[in-house]
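Q: I am attaching a structure below and will ask some questions about it afterwards.
The values are calculated or read from the model by the stated rules, or taken from the named source; none is laboratory data. Keep in mind it's a predicted model, so treat the numbers as computed, not measured. Here the Cβ is made from the backbone with ideal geometry for all residues, glycine too, and neighbour counts use every protein chain on show. Accessible surface areas use protein heavy atoms only, side chains included; no ligands, DNA or RNA. Shrake-Rupley method; radii C 1.70, N 1.55, O 1.52, S 1.80 Å.
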Amino acid sequence: MNIHEYQAMQWLQDYGVRTLPGFVCRTVDDVRAACQQLGGGPYVLKAQVHTGGRGKAGGVRFAADEAEAVTIALHLLSSRLVTAQTGSAGLVVQIVYIRRAIDINSEYYLGFAVDTQNGCVTLLASAAGGVEIEQVAAKTPEMIYRETVDESIGLRQYQSRKVAGQLGLEKDQVGAFIDLAQKLYCLFVEKDCSLLEINPLSPDSEGLLLPLDAKIKVDDNALFRHDEMRQLNSQADDAIEREAGKLGLSYVAMDGNIGCMVNGAGLAMATLDLLCQSGGRPANFLDVGGGVSQEKVAAAFRLLLSDSRVTCILINIFGGIVQCDLIARGIIAATREVTVKVPVVVRLEGTHAEAGRELLSQSGFNLTTADDLVTMGQQAVQLAKKGVMS
Ligand code: ADP
Ligand code: MG
């Protein structure tokens, strides 16, 4: 789960990190009020969307005064921000975070990440922080310093001190850096993060280190033990993903046009691969799982139908624990409530497959049945090209 910068800043404050004051604005009036509260400019207005690279894409804008801030907010609010990480659809900006813009001479990068290969947390830092950090990592990785944290003893002072030296921090900044790294490490562990990045971390005019941007990712598998994050989790960017989350379905939105309903993550991945191999693009990953109910299948099918990008639906079920006739009943129940305007390709195999196929063929519901996986993928891709029926 990604959280927004303004939420990350709140977490930093909760852990005692000094940050610049900031205001969350949903309207131009909010921006006016925020400017008043912050006092004089210059201000920085930052689009709150779950992506990095906002600065380069025009999502971080500087305003000399309130009037300019309002003009920028008018432009940013409700616009779509397309960054190097969002894909061409971009993300709609609903919130702008406004803070005082400060004079900065240097931009450090400080992050913590889970090193899955070594099964530990790693501190990462660089003196070449800022909007080009990805280039730095790709072209000059030696400019990124790493410290592996031993989980049983936590981040040690000497490790942060060593990194402070590598970054070339001033003597009187070292203590603050060690303190900051310690606080961030605690936050990272306690909140079950998989990534925490402060980029840039910049000294203000008095040399005090300030986090000017924060990106935090929480491990989804740990969300069950963080009731306090439930609210944040319901803010997924994609409306259908949000709905699916409420239903407890494993759903990930993708950028194609073939809606997929599959059981089992392995089969779901294989199905997506098959579609791509046949020249198609999946609109989503949806694993209805083993112990799914008829109602949940119906809800999942309705979700796929509600996606305006979807021009064909592919149902690929291998009945093991889940029974194919239950899947068929769920689909039929859904089609009683919503008109199906897209072609549907179905492959049912395994437990009660025969009964499931029988139910579907008797339902009068127009569908294409597929017997083998390869044909299934090809049929779905071809039908998706023909698209929506009137
Ligand atoms: P992103 O990483 O998504 O591009 P950032 O919040 O890091 O967005 O902003 C991009 C750049 O804008 C930063 O690297 C920094 O140079 C500048 N910046 C951000 N906030 C401020 C601020 N409060 N004062 C001065 N410069 C800032
Ligand atoms: Mg940044």
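Q: Given the condition in a helix (DSSP H, G or I), out of contact with any Asp or Glu (no Cβ under 8 Å at 6 or more places or on another chain) and among the charged types (D, E, K, R), answer yes or no: does some residue in the range 62-75 qualify?
A: There is at least one residue in the range 62-75 that is in a helix (DSSP H, G or I), out of contact with any Asp or Glu (no Cβ under 8 Å at 6 or more places or on another chain) and among the charged types (D, E, K, R).
Q: With the requirement that a residue be open to solvent by less than 40 Å² (accessible area, probe 1.4 Å) and under 21 Å from the mean Cα position of the chain (by Cα), what does the range 131-145 give you?
A: ILE133
Q: Of all residues in the range 209-227 being closer than 20 Å to VAL121 by Cα and within 16 Å of ligand 2 (Cβ to nearest atom), which is most open to solvent (accessible area, probe 1.4 Å)?
A: LYS217
Q: Give the residue that is surrounded by the fewest Cβ atoms within 10 Å (Cβ to Cβ), with candidates limited to residues of the range 338-362 that are outside any strand (DSSP E or B) and among the aliphatic types (A, V, I, L, M).
A: VAL338
Q: Only residues that are open to solvent by 50 Å² or more (accessible area, probe 1.4 Å) and under 24 Å from GLY245 (Cα atoms): list them for the range 1-18, please.
A: ASN2
Q: Does SER278 satisfy the condition of being surrounded by fewer than 22 Cβ atoms within 10 Å (Cβ to Cβ), closer than 21 Å to HIS50 by Cα and in contact with a Gly (Cβ under 8 Å, 6 or more places away or on another chain)?
A: no
Q: Give the range 185-202 a look and list any residue that's more than 16 Å from ligand 2 (Cβ to nearest atom) and of a type outside the set (D, E, K, R), or say none.
A: TYR185, CYS186, LEU187, PHE188, VAL189, CYS193, SER194
Q: What number of residues in the range 82-117 are in contact (Cβ under 8 Å) with a residue 40 or more places away in the chain, part of a strand (DSSP E or B), away from ligand 2 (no atom under 16 Å from the Cβ) and farther than 15 Å from VAL60 by Cα?
A: Qualifying residue count for the region: 1.
Q: Applying the selection to the range 88-114, what residues are open to solvent by 40 Å² or more (accessible area, probe 1.4 Å) and either over 19 Å from HIS50 (Cβ atoms) or modelled with pLDDT under 95 (or both)?
A: Passing the criteria: SER88, ALA89, VAL92, GLN94, ARG100, ILE102, ASP103, ILE104, ASN105, GLU107.
Q: Let me ask something additional. Just to check your reading of the model, which residue among ILE331, ILE327, ILE315, ILE321 is surrounded by fewer than 17 Cβ atoms within 10 Å (Cβ to Cβ), within 32 Å of the chain's Cα centre (by Cα) and closer than 21 Å to GLY264 by Cβ?
A: Just one listed residue meets the conditions, ILE321.
Q: Here is a further query. Please count how many residues of the range 127-143 are outside any helix (DSSP H, G or I) and within 16 Å of ligand 1 (Cβ to nearest atom).
A: Total satisfying the criteria: 6.
Q: Here's something else I'd like to know. Name the residues in the range 54-70 that are out of contact with any strand residue (DSSP E or B) (no Cβ under 8 Å at 6 or more places or on another chain), within 16 Å of ligand 2 (Cβ to nearest atom) and open to solvent by 40 Å² or more (accessible area, probe 1.4 Å), would you?
A: LYS56
Q: Exactly one condition in (1) in a helix (DSSP H, G or I); (2) open to solvent by less than 50 Å² (accessible area, probe 1.4 Å); (3) away from ligand 2 (no atom under 16 Å from the Cβ); (4) touching a Phe, Trp or Tyr at 6+ places or on another chain (Cβ under 8 Å) is false for GLN166; which is it?
A: (2)
Q: Report yes if MET9 is over 22 Å from VAL131 (Cα atoms) and under 25 Å from the mean Cα position of the chain (by Cα), otherwise no.
A: Judged against the criteria, MET9 is not a match.
Q: Something else: From the residues in the range 15-29 that are touching a residue at least 12 places away in the same chain (Cβ under 8 Å) and among the charged types (D, E, K, R), which one is farthest from SER205 (Cα to Cα)?
A: Filtering first and then ranking leaves ARG26.
Q: What pairs can you find where one residue is in the range 261-273 and under 18 Å from ALA298 (Cα atoms), the other is open to solvent by 50 Å² or more (accessible area, probe 1.4 Å) and hydrophobic (A, V, I, L, M, F, W, C), and their Cβ atoms are less than 8 Å apart, with a gap of 6+ or different chains?
A: Listed pairs, sorted by first residue: ASN263/PHE318; GLY264/PHE318.
Q: Of the residues VAL163, VAL174, VAL149, only one is out of contact with any Leu (no Cβ under 7 Å at 6 or more places or on another chain), among the β-branched types (Val, Ile, Thr) and more than 16 Å from ligand 1 (Cβ to nearest atom); which?
A: On inspection, the qualifying residue turns out to be VAL174.
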